[in-house]
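Inspection log for the structure reproduced underneath, given as structure tokens.
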Amino acid sequence: MTATYEPSLPTDRDWLRLTIGDTATASALLQDEEIDAVLTEEANKHLAAAESLSILRTRWNSQGAGVLTKQVSKLRISYGTDSSAAEALDARIKQLRARGAYLLSPTPGVLKVL
């Protein structure tokens, strides 16, 4: 598998890498083939970026590097990043999905009621 990135953003794959912050190819979070698969499955690059971030979040959580906070009485245990990071990631995913959905919707027209 490979990981490439061109800063001039000639492809949707490069745009997606920039959008999700995965531009260091030596330590790529997603391989080109994974990104290409997501781009093929999703309707546009914004939805593909949101799905890619969701995939990464799931991967981080399953490896114990994700966002997890447990609290019982005064005992609090946190793994990975803090809840503000989780909220920021969720907000970014939501923003990308909203932008992708907006681009899919037809231009609003005039409805004539007879």
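In terms of the mean number of neighbouring beta-carbon atoms within 10 Å, the peptides 21-29, 8-16 order highest first as 8-16, 21-29. For an R0 of 22 angstrom, estimate the FRET efficiency from the Cβ-Cβ distance between THR23 and SER62 and round to the nearest 0.05. Efficiency, from the Cβ-Cβ distance: 0.40.
Which net charge results for the neighbourhood of GLU6, defined as the other residues with beta-carbon distances under 10 angstrom from its beta-carbon, given Lys and Arg at +1 and Asp and Glu at -1?
On the way: positive: ARG13, ARG17; negative: ASP14.
Computed value for this residue: +1.
Pulled fully out, how much extra length does the chain show between THR40 and ALA98, if you take 0.36 nm times their separation in residues and subtract their Cα-Cα distance?
19.0 nm
Rounded to whole numbers, the Karplus 3J(HN,Hα) couplings from phi for region 38-52 are 5, 4, 5, 6, 8, 6, 7, 5, 5, 5, 5, 5, 4, 5, 4 Hz, using 6.51 cos²θ - 1.76 cosθ + 1.60 with θ = phi - 60°, and x at Gly and Pro.
Spacing of the modelled spin labels on GLN31 and ALA85, each 7 Å from Cα toward Cβ, amounts to 2.6 nm.
Here is the result for region 1-59: no GluC sites (Glu not before Pro) lie in DSSP coil with at most 15 other C-beta atoms within 10 angstrom of their C-beta.
No lab work stands behind these numbers, since they all come straight from the coordinates. Worth saying up front: this structure is predicted, and the values here are computed from it rather than measured. Note: ideal-geometry Cβ built from the backbone for every residue, glycine included; neighbour counts use all protein chains shown.
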